[in-house]
Amino acid sequence: MKTADFDFDLPEDRIALRPADPRDSARLLVVKGGALEDRLIRDLPDFLQPGDALVFNDTRVIPARLSGVRQRIGAEGEILTVEVEATLHHRDAPNVWSAFMKPGKRIKPRDRIRFGNTSDGACDLGRLDATVTAKGEDGLITLTFDLAGPALDDAIREVGVMPLPPYIAAKRPEDDRDRSDYQTVFAEHDGSVAAPTAGLHFTPALLDAIRATGVSTHAVTLHVGAGTFLPVKADDLADHKMHSEWGEVSPDTAAALNAVHAKGGRIVCVGTTSLRLLESATAEDGEIKPFHGDTAIFITPGYRFRAVDVLMTNFHLPKSTLFMLVSAFAGTATMKAAYAHAVADGYRFYSYGDGSLLFRD
C-alpha cells in the first residue's frame, strides 16, 4: 500500500484550536455499516449496550517540551551556544529520555544541553542540565539528565510546557488553559507527551450516564510518544517504522475484558491508543493477556482485529498512521466518505476537535 492512498483535502479552518465547552458538547459522527449519523458526544450512551466494556487510557500528559541551549567547547576553548528545543518521547531509564530535538542536525553526542534557566549564574533554580549520549538514525536523541527519578520529574514540570501538537502550536502559543484542556478526566499516570485525545471529550456526567446503561469501564495505560506527530515519510507503508511506546494492561483488566467477550459484550475503545495497546496484548485466539512493556504496532488495512469491536476517536491527519488505522477498522472507502462528510459539514479536526464512533467493518 502507498501512503498517498490515505490522503484527503482538509481546509485549514477545520483545525480546532480550542476544545468544545462543555467537553461532551462536541459533535460525534457515527459510522456503522457504511451509514453516517450526525450526533453529539453526550449521545454516546445511545450506542452502547448493557454488558459492553468501555476502555480508556489513563495516562497523564507531562509538560514535555523543553527549551534551552546547546553548549559546546570551541576550538579556542570558548563556549559555543545554540538555542534548541526538545520534545521528550520515551523514558529509557530514571535519568534518561529519548527526544526529538530542533535543530537536530546540529546536535552531537557529548553536547551539554541546559534547559530552563540558561543563565551562567550560580543559582540552579529553574535549570535542568543534560548530556547528549546518543543520536539515532531515526531522529531520536538520547538525553542523560543530571537528575533522576522524582527529582527529574519535578524539574521537567518546572521548566517544561505542554507539548501542543504542531498544527496547534503553529497557530497560537501554549497557555495556562492548555494545562487542563489537554488533559483527560481519566488522567492518572504521568508519562505521555501527547494526549489520548478521544478521552478529552469525557465528563464525569457522561461517565455516570454510560455506567447507568450497564456498561463497565476499564483503564489501560499507554504513554503516548512524540512520534505520534511525525509524518509518514515513506512512499510505501512497508518501509515505515513506528516508534515504540510503553504500555500496561493489568491482569485484572485483561481478565475482566475476556469475561465481557465471553458473555457476548463488546469492547469499546476510547481512542486509538487504548486500541493499539489492547491489540498488542491479544493473542491470535482473541484472548487478552496482561501486558507490560513497549509496543510499536502498526495497523493498516488488512489487519485482523482480535480484541476491539467499537472505536471512539477524533479526526486524524491526512496520510497519518492513525488515519490508516481507522481505515483498517471501518474500511478505507467508508472512512474516506466519512471524512469527506465531516469536512463538508463543518466538523472540527484533530486533538481539540470533534469525535467519531466507528463500528468494526
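The values are calculated or read from the model by the stated rules, or taken from the named source; none is laboratory data. Here the structure is a predicted model, which means the values were calculated and not measured. Here the Cβ is made from the backbone with ideal geometry for all residues, glycine too, and neighbour counts use every protein chain on show. These accessible areas exclude ligands, DNA and RNA; they are computed on the full protein's heavy atoms, side chains included. Shrake-Rupley method; radii C 1.70, N 1.55, O 1.52, S 1.80 Å.
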Structure shown: which of K241/K263; K135/K233; K105/K233 lie over 28 Å apart, alpha-carbon to alpha-carbon?
K241/K263
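Expressed as cubic angstrom per residue, what is the convex hull volume of the alpha carbon set of segment 181-318? Walk me through the numbers on the way to the answer.
Working: hull volume 17.2 nm³, N = 138.
Per residue, the Cα convex hull of segment 181-318 comes to 124 Å³.
Rounded to the nearest 20 Debye, what is the dipole magnitude of segment 193-261 about its Cα centre when Lys and Arg each give +1 and Asp and Glu each give -1 at the C-beta? Write down the numbers at each step before the final one.
On the way: 3 positive and 7 negative charges, 34 e Å.
That gives segment 193-261 a dipole magnitude of about 160 debye.
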Would you mind telling me the share, in percent, of accessible area of segment 72-112 contributed by carbon and sulfur at probe 1.4 angstrom?
54
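Per residue, how much accessible area does the chain show when a 1.4 Å probe rolls over the protein heavy atoms, in square angstrom? Before the final figure, lay out the partial values.
Details: 15530 Å² over 361 residues.
For the chain, the per-residue accessible area is 43 Å².
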Just to be sure I understand the curve: with the Debye formula and one point per C-alpha of segment 151-257, what is log10 I(q)/I(0) at q = 0.10, 0.11, 0.19 Å⁻¹?
-0.42, -0.50, -1.18
Once Rh is set to the Kirkwood radius over Cα pairs, what Stokes-Einstein translational diffusion coefficient, in µm²/s, holds for segment 193-232 at a temperature of 37 °C and a viscosity of 0.692 mPa s?
264
Computed from the beta carbon distance with a Förster radius of 51 Å, FRET efficiency for D146 and A259 to the nearest 0.05 stands at 0.60
Given the DSSP H assignment, sum -39500 (n - 2.57) over each helix run of at least 4 residues in the chain and divide by its residue total; what's the result at 222 nm in deg cm²/dmol, nearest 500?
-6000 deg cm²/dmol
Just to be sure I understand the model, the point goes 7 Å from the Cα along the line to the Cβ. What's the resulting S25 to L40 distance in nm?
0.8
Listed residue (G346, I297, L277) projecting farthest to the positive dipole end of segment 275-361, Cβ model
G346
antiparallel share of DSSP beta bridges within segment 187-320, to nearest 5, in %, is 75
Using the Cα centre of segment 1-83 as the reference point, and only Cβ charges (+1 on K/R, -1 on D/E), how large is the resulting charge dipole? Debye, rounded to the nearest 20.
240
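Report, in debye and to the nearest 20, how large the dipole of the chain comes out about its Cα centre when Lys and Arg carry +1 and Asp and Glu carry -1 on their Cβ.
Values: 40 positive and 51 negative charges, 78 e Å.
Roughly 380 debye for the chain.
Could you tell me which of rounded, prolate or oblate describes segment 104-186, using a ≥ b ≥ c as the square roots of the eigenvalues of the alpha-carbon gyration tensor, with rounded for a/c under 1.5 and, failing that, prolate when a/b is larger than b/c and oblate otherwise?
Details: a/c = 1.80, a/b = 1.30, b/c = 1.39.
Taking the square roots of the gyration eigenvalues as a ≥ b ≥ c, segment 104-186 is oblate.
Find the all-direction average of the projected area of the Cα convex hull for segment 1-67, expressing the result in square nanometres with one decimal place. Before the final figure, lay out each step's value.
Numbers: hull surface 36.2 nm².
Spelled out: convex hull of the Cα atoms, projected over all directions, averaged, 9.1 nm².
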If you roll a 1.4 Å probe over segment 203-361 with all protein chains in place, what percent of the accessible area is carbon or sulfur?
52
